[in-house]
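First comes the structure, then the notes that go with it.
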Amino acid sequence: MVLPKLKDEKAVMPFLLRIQTIAGLWGDRSQRYRFYLIFAYFCLMVVFPKILFGYPDLEIAVRGTAELMFESNAFFGMLMFSFQRDTYERLVHELQNLATLVLQDLPEELGQYLIAVNRRLDRSSKIYCYCHFSMATFFWFMPVWTTYSAYRAATNSSEPIEHVLHLEEELYFLHVRTSVVHYTFYAAIMWPTIYTLGFTGGTKLLTIFSNVKYCSAMMKLVALRIRCLAGVEQERVERELNEIISMHQRALDCVFRLETTFRWVFFVQFIQCTMIWCSLILYIAVTGFSSTVANVCVQIILVTVETYGYCYFGTDLTTESFNVALAVYDCEWYKFNVSMRRKLRLLLQRSQKPLGVTAGKFRFVNVAQFGKMLKMSYSFYVVLKEQF
């Protein structure tokens, strides 16, 4: 796979900020209307048809409701993110200032580590965008291919052909389930709709992944700098410690802004993820495997990977914050004078406090919480299955 080359290896999340600029979530404040236009389009093409026109039977209602939750997860998550734009901009500017400090004033090996993080983040973001684009293309193409293949294979023109819909909804006054002309018009409308859904969902995921990873990298740089403390000249070691404490505090401020920006996004993500799992698995259990299940499986895969990714990077952030405490303990603190020992003790105490992002300030977002969500979702599914 040929990926566009990273132009500036010292820049902080340039690919993400470019995507956010397209969506009106970064850069010129006068362009904020772009995101609200995207959100209005989503409501017009997805929310209103699903809510106002209903479903023909219970099975379709289950799938349609699960789809609405899945799609709303991305859009309402980004809507809540847009309300925290001021906090987010302060977070990014502080990360950029810390990156400048690392690359210009600190030892070269620390700068090389940050450049390596920039490269990995840029490469993984671009690979994810390619994969997400491919998934969106598959999601749009499969129903069209299945439906028109059924028409080509039909031998009895009097038998009705099942139209496989991209989204289970009655699109206003189009007879998409019975008329091939209306279905063709519907498929044309779904083409930009599916890519809009994919773009918004991908922007949300990259925004959270990139920022959490960058905060983890800053915590690791603090730990690496502490481990280098023993090699600093005696006359400037205390000044170096003061700078490390200042850098640690700035990294803590970044994590606080990160948590403030995304806490309610994570809260909604966890609730809707549980509901989506239950609804879609229930749909498969009730209807069995069919041509429509492919799109349902895509949704389950996407929401599972997304939620696990949040939990994985949340765990990584917590681990790196604890590694600061381990670095302090391993830095031969007993060789320093009393003043430095006191400062190291305060740094140790602060870094031992659990740090991470939370879901609505109720639970830390980590892999352990992901496992609990799976168990709870299965329990809900068992209860729901007994009702059908």
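Worth pointing out:
- Search result, residues across region 31-65 that are in a helix (DSSP H, G or I), open to solvent by 70 Å² or more (accessible area, probe 1.4 Å), out of contact with any helix residue (DSSP H, G or I) (no Cβ under 7 Å at 6 or more places or on another chain) and more than 17 Å from T196 (Cα to Cα): I51, L52, L58
- Scan region 91-134 for residues that are surrounded by fewer than 20 Cβ atoms within 10 Å (Cβ to Cβ), at pLDDT 90 or above and among the acidic types (D, E) and the total you get is 1.
- Screening F76 on (1) touching a residue at least 40 places away in the same chain (Cβ under 8 Å); (2) closer than 30 Å to I245 by Cα; (3) under 17 Å from the mean Cα position of the chain (by Cα) shows it passes everything except condition (2).
- Hits in region 1-28 - residues which are part of a helix (DSSP H, G or I), over 22 Å from M190 (Cα atoms) and open to solvent by 80 Å² or more (accessible area, probe 1.4 Å): R18
- Region 172-198 residues that are at positive phi, paired with ones that are not in a loop (DSSP other than H, G, I, E, B) (beta carbon under 7 Å, 6 or more apart): Y172/P49
- Every residue from region 357-368 that is open to solvent by 10 Å² or more (accessible area, probe 1.4 Å) and touching a residue at least 60 places away in the same chain (Cβ under 8 Å): T358, K361, F362, R363
- Flag for T137 being among the polar types (S, T, N, Q), under 17 Å from P49 (Cα atoms), surrounded by 14 or more Cβ atoms within 10 Å (Cβ to Cβ) and within 23 Å of the chain's Cα centre (by Cα): no
The values are calculated or read from the model by the stated rules, or taken from the named source; none is laboratory data. Bear in mind the structure is a predicted one, so any value in this text is a computation, not a measurement. Heads up, the Cβs are rebuilt from the backbone with ideal geometry, glycines too, and the neighbour counts pull from every protein chain shown. Please note that ligands, DNA and RNA were not included when accessible areas were found on the heavy atoms of the full protein model with its side chains. Shrake-Rupley method; radii C 1.70, N 1.55, O 1.52, S 1.80 Å.
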